[in-house]
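Written out below as structure tokens is the structure these notes cover.
All of the numbers you see were taken from the coordinates with simple rules; none came from a lab. This is a predicted model, so every value here is computed, not measured. Cβ: placed from backbone, ideal geometry, glycine included. Neighbour counts: every protein chain shown.
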Amino acid sequence: MCARITLTTTSAEIADLFGLGHDLALQPRFNMAPSQPIPVLRNNPRGGRELVMMRWGLIPYWNSDPKHAGFVNARAETAPEKPAFRDAFRLRRGIVPVDGFYEWRHRGKVKQPFLFRKAGGGPLALAAVWDRWVTPGGGIDTVAVLTTPANDLIRPLHDRMPAILPPDRFEAWLDPREQRPDRLLSLLRPYPAELMESWAVSGRVNSASVDEPGLTEPVTLIDPPRPTWGQPTLFDVA
């Protein structure tokens, strides 16, 4: 499950990554959580692409429950069939830019967070689907991050990971003419473990109200797991 993300890459770098002529003047974030606004790249109905803020937690357009919290993640394998995501997968796909995400190792009652990121740092692009939920107060754009089976780096902590798109798949994923589930699912594969790195971070990440630079700094574990992929410390959805 992907339920906390970081985005400290500059707005200009994000605009350059996606070939945009504008940016959102994004502020650095170190602990973005569900129900908060996160940036999403999508097709602009008037043509071209745009980066907009959406509420993290997809609420289907047909939902009638005002207390619906939204779906933070969606399994890529089943999203084309599930009513909550079926139309969005076919018609409303997007990309969430991040430069890291957190997962937790559970040891008894202790939850130890770990930061996962691209090896050496830099932006990552998470495949997503979005929808517009219409309320008496107006429309709300909401988004869910798609997940795939975990790679070898993440699997010791969780069996799922965000669906990370390499740049050469951006165009195919966002192509509004492509609606065939088999072709779209072929773009969503576990990101190679050897292209990522991870380390343990402070338990302050556990609180969604804490958002500060020190959250991504490594901490020393009393019983660190065996190193993997050359790192000094290796550290469900709907």
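What the table below lists for this structure:
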quantity	calculated
Whole-Hz couplings from phi, Karplus 6.51/-1.76/1.60, listed for the range 105-110; x for Gly and Pro	9, 9, 10, x, 8, 8
Residue-wise HN-Hα coupling along the range 80-88, computed from phi with Karplus coefficients 6.51, -1.76, 1.60 (Hz; x: Gly, Pro)	x, 10, 6, x, 5, 10, 4, 5, 5
HN-Hα J in Hz across the range 117-133 - Karplus 6.51, -1.76, 1.60, θ = phi - 60°, x for Gly and Pro	8, 5, 4, x, x, x, x, 10, 10, 9, 5, 8, 10, 9, 8, 10, 9
DSSP beta bridge pairing in the chain, given as percent antiparallel to the nearest 5	90 percent
The chain: C-alpha gyration tensor shape, a/c 1.5 cut-off, then a/b vs b/c	prolate
Selection of chymotrypsin sites (Phe, Trp or Tyr not before Pro), the range 42-75, meeting DSSP coil and at most 15 other Cβ within 10 Å	61, 62
Burial ranking of peptide ranges 126-133, 3-10 (average Cβ count within 10 Å, highest at the top)	126-133, 3-10
Amide H contacts of residue 58 (H built 1.01 Å from N, under 5 Å, at least 5 apart or other chain)	71, 72, 143, 144
Global form of the range 1-114, assessed from the alpha-carbon gyration tensor, a/c cut-off 1.5	oblate
Around residue 25: net Lys/Arg minus Asp/Glu count, Cβ-Cβ under 15 Å	-3
Normalised contact order of the range 143-190, rounded percent, pairs of Cα under 8 Å and 6 or more residues apart	39 percent
Net charge contributed by nearby residues that have their C-beta within less than 14 Å of residue 41 (K/R +1, D/E -1)	-2
